[in-house]
Each structure stands twice: as structure tokens, then as C-alpha cells.
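Single-structure report; data block below.
Only the coordinates and a few stated rules stand behind these numbers; no lab work does. Quantities reported herein were computed from a predicted structural model and do not represent experimental measurements. Virtual Cβ from ideal backbone geometry, glycine too; neighbours counted across all protein chains shown.
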Amino acid sequence: MNDFMLLGKKIRQLRQDKGMTQKEFAHFVGCTAATLSAYENGTKSPALIVVKNIAESCGVSLDWLCGLDEDNSIMKVCKTYKDLAEILVKLHDIFPFEICKENGIGMGKNYPCSVYELQYKDYILQDFLMTWGEMLKLLKNKTIDEHLYQLWIVDKMEKLNGLDLSDPEAAAEKYYADREVSEDNDQETNDSITKGV
């Protein structure tokens, strides 16, 4: 199998694992459906930046996508909050779970077994889980579609990127400072729209 065919096979596998059509996946990774089809069939080779974007968007390693490693795990290296969040998202893709704040929530017909909880004291992780849980509920209730959910994931990962897990206090300080700036910018935009500027 030539390199283009192997890369195309991996791209097709990623798309199918996400349950997306070629058109949906093409939009998700930023190309046309015809281009994606050519990638999957091995008749066209994507540029390195496209391969990198596909790997990052899907949470897999470049080595796996290019056929250099059989392990597509993003769990090899976990240095930043983005790495940790990507692992949690990947885990949810494999084994869907519900994110609940209250103790005992999750029991019932959909969760007939005992409920176990993970306890932690990390404000960035707590914020991520809380907002991610809200987005998952919106997706489940069809208030938002898969595309909007994926856009939120990409945006959230961007905000978590570079926040070092080995220094949670410094990471939290940076995270919340960046969040305040973002909220101030959102308020200014809303004020401008309200005033008709």
C-alpha cells in the first residue's frame, strides 16, 4: 500500500469513527467534500498543514495518521490542560458518560449500575467539565448540532493550550485572566451591537 493510500485509509477511519459523512467531515477539517474524497481514495495527497489540522481536529497523533505508529492515542503525552481535555473528549467518544455536579445523579434506566465519582481539586478542570457538560446536554437535546459542538471543542482547546499541568496555580491565574479579557471583549461587542455601532 502506498503512503497516499495509507493516509487516505486513516482519514476515512477517522471520519467513520466520528460518524460523519464526507461532506460533514470535510467541513469539520476545512476542505471540500471532493478534496476529502480524493484524500480518502489516495488520488490526492494533502499538504502537511492539512494533515496537521486533521490530526489536531480529531485528537490523534501525526505519527498514527501517517502510518508511523499503530497507537492513535493522544494519551502518550499529557503536559497541558488541552492534552487532558482532549483525553476526556476522546474517552467520551469511546465510552459516553454524563457529567454531573450533584452526588448520585446518573442513576436510573440509562445508568443502572453503581455510580462512581472522581474527586479532584482543580479549577480549570472543574470549569472545563462544567461547561463541557452543558454543551453535551445541548447536543443531546438537539439544541445545537454536531458542527456547533465541534466548534466549541476547538475553541475550548485553544483556550486550554499551553496551560501547564505541572503548575496548576500559574495555569489557573493565566486561564482566568484570559477569560476576563474575553468576557470584557464580548461585553464591548454586545454594547456596540445594542447601540447600533
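Miscellaneous remarks
- Remark on Thr80: its backbone amide H falls under 5 Å from those of Leu165, a criterion applied only to residues 5 or more positions apart or on other chains, H modelled at 1.01 Å from N.
- Nearest-0.05 FRET efficiency for Gln126 and Ile49, computed from C-beta distance (R0 35 Å): 0.55
- Computed 3J(HN,Hα) for segment 13-24, one whole-Hz value per residue from the Karplus formula 6.51 cos²θ - 1.76 cosθ + 1.60 where θ = phi - 60°, is 4, 4, 4, 5, 4, 7, x, 10, 6, 4, 5, 5, glycine and proline marked x.
- Environment charge of Tyr39, counting only residues whose C-beta is closer than 11 Å and scoring Lys/Arg +1, Asp/Glu -1: +4
- With Cα atoms as the point set, the radius of gyration and Dmax of segment 3-65 evaluate to 10.0, 25 Å.
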